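Written below as structure tokens is the structure these notes are about.
The values are calculated or read from the model by the stated rules, or taken from the named source; none is laboratory data. What you are looking at is a predicted structure, and each value in this text was computed from that prediction instead of being measured. A quick note on method: Cβ atoms are made from the backbone with ideal geometry, for glycine too, and the neighbour counts reach across all protein chains shown. Ligands, DNA and RNA are excluded from the accessible area calculation, which covers all protein heavy atoms including side chains. Shrake-Rupley method; radii C 1.70, N 1.55, O 1.52, S 1.80 Å.
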Amino acid sequence: FTPVVTAATNNDHVHSTKAGFYTKVGNIVTVDCHWVHYGGGTSSGNVTITGFPFVTGDWPDHTGVINWGYCTSASITAGSSFMGYMGRNSSYVTMFTWDATGGGTNTQFSEIPSYVTMAFAGTYQTNT
């Protein structure tokens with residue numbers, strides 16, 4: 001599948017690599033993604049990642065968590081990290097910046113530098 005990193009406003013940034021792989025066993029989907037961003041444009045606002053291969057289930061506990069295993073040069077505070085959440089009936093991830101003392105806030109596109117490589121993975125449930 002093709003994960004697409006999307007900005008809330010002026011979604012005109014340039015990326016060179018978008019690769020996603022998944023395994024589905026029963027109603028459990030495991031994803032592994034790689035994204036390379038080359039900057040450009042005037043993208044801003046909250047970051048989401050679309051294009052996931054299956055929609056999460058429609059029950060409150062059918063959600064997913066995406067974790068970042070690698071990210072070069074992120075513009076976030078030391079001790080913070082990226083994470084993602086898939087709500088119910090969703091095929092996209094809302095990206096968060098997690099701070100050990102303040103919890104999670106929506107990641108802003110300004111926190112993703114030009115020329116960055118990201119690797120992220122996670123698991124979620126579907127209805128089928």
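Quick notes on this one:
- Note on Ser81 and Tyr115: the extension gain reaches 10.4 nm, defined as 0.36 nm multiplied by sequence separation minus the Cα-Cα distance.
- Whole-Hz couplings from phi, Karplus 6.51/-1.76/1.60, listed for the range 49-54; x for Gly and Pro: 10, 9, x, 5, x, 9
- Charged side chains reduced to their Cβ positions (Lys and Arg at +1, Asp and Glu at -1) give the chain a dipole of some 180 debye around its Cα centre.
- Cα gyration tensor shape for the chain, rounded if a/c is under 1.5, else prolate or oblate: prolate
- Per residue solvent-accessible surface (Å²) - the range 1-123, probe of 1.4 Å: 49 Å²
- Accessible-area composition of the chain, carbon plus sulfur, in percent [1.4 Å probe]: 53 percent
- Residue (of Gly41, Ser110, Thr30) at the positive-pole extreme of the chain, dipole from beta-carbon charges: Thr30
- Asp32-Asp58 pseudo-label distance in nm [points 7 Å out on the Cα-to-Cβ vector]: 3.3 nm
- Label-to-label distance, Thr72 versus Thr50, with points set 7 angstrom from Cα along the beta-carbon direction: 2.7 nm.
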